[in-house]
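The values are calculated or read from the model by the stated rules, or taken from the named source; none is laboratory data. The shown structure was predicted, so the numbers you read here are calculated from the model rather than taken from an experiment. Glycine gets a Cβ as well: all are built from the backbone with ideal geometry, and neighbour counts include every protein chain shown.
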Amino acid sequence: MKLLIAFLRLIRTLNLVFIAVTQLLFYYCVVVPIFERANASLPLTFPLFITLMLASILIAAGGYIINDYFDRNIDQVNKPGKLVVEKIINRRWVIWWHMVLSVIGIILSIYVAWKTRAWWLAFANTGCVIALWFYSTNFKRQLLSGNIIISLLTAWVVLVVGFLCHYMAIIRPDIWLGYHASKLMRITFLYGGFAFIISLIREVIKDIEDMHGDARYGCHTMPIVWGIQSSKVFIATWMIVLIAALVIVQAYTLPFHWWWSLIYCVVLVILPLLYIFRKLFPAITPKDFHSLSTWVKLVMATGIFSMIFFKIYS
């Protein structure tokens, strides 16, 4: 039982569940209503969509594993009580599980690509595996590059579903979205952009939280290179951009009378972001930044769950 719990912690089970929920919500609350309104055939069967989702989950799980494999020394300083690699699971088994999960994820991606004739999907998801490897071995320790890679991969969780469905609407003669195609891409980029920015904010906050262990092992993350204050300014700038974008989106929905969506976004997304902004500059200790990171993660969840309103108002 201890080994199973350690393995579930290693692959970040809750994060994997969040990836699955994100893709399920996007497909059934955004994609399906758009295709139904256009009187078009659904682009993916349920088994094919589940295969795509499993590929995303397995690739992410492999990424979490390889990250912990190479971060063992740093985690001994930053998270000594949560250490799994070598302490509970042998490093040889850890690298083996990374390879198995990543390869299965690629195989499932190739299968979906074959069934949908979207061969770019196989190359893109293989690229995700490669990016996660180099992130763990090199880019994570560099200024901004690691943060951007992880933020792009987070956005890809949403983008891959939107891009694939849009692509199938183009190549299949039985699917015609018409002007609804542009709506699908707008919403895809809306949530992809939200995922990118909120992930970038959280990654820099985590870098500040972990900077003592990172500095000991020669990392060049933003708070180490630029300093904590400059990193806070960077975070605050992106928070202002995100809050402004959310306000504009809500203003755009006003003529449609999406009042519940407006209330939800203000109360559960914008106000928490303002709270994080207020707490950012007074934060000093790793505990303070861990709390901010948790709040950002909650905002990421409430933002993603707002997809439900596209189903309600469709």
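Tabulated data for the structure shown
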read-out	value
Residues within region 104-152 that are over 25 Å from M168 (Cα atoms) and of a type in the set (A, V, I, L, M, F, W, C), tallied	11
Filter pass, I104 being among the aliphatic types (A, V, I, L, M), surrounded by fewer than 21 Cβ atoms within 10 Å (Cβ to Cβ) and touching a residue at least 40 places away in the same chain (Cβ under 8 Å)	yes
Members of region 29-41 that are part of a helix (DSSP H, G or I), of a type outside the set (A, V, I, L, M) and at pLDDT below 95	P33, F35, E36, R37
In region 165-213, residue nearest to A113 (Cα to Cα) [restricted to those that are β-branched (V, I, T) and either over 22 Å from the mean Cα position of the chain (by Cα) or surrounded by fewer than 16 Cβ atoms within 10 Å (Cβ to Cβ) (or both)]	I171
Region 1-27: number of residues that are surrounded by fewer than 15 Cβ atoms within 10 Å (Cβ to Cβ) and touching a residue at least 60 places away in the same chain (Cβ under 8 Å)	2
Qualifying helices (runs of 4 or more DSSP H) (wholly inside region 246-314; at least 1 residues being of a type in the set (A, V, I, L, M, F, W, C), surrounded by fewer than 16 Cβ atoms within 10 Å (Cβ to Cβ) and over 21 Å from the mean Cα position of the chain (by Cα))	259-265, 271-280, 308-312
Residue in region 10-37 that is farthest from W97 (Cα to Cα), counting only those that are more than 14 Å from the chain's Cα centre (by Cα) and charged (D, E, K, R)	R37
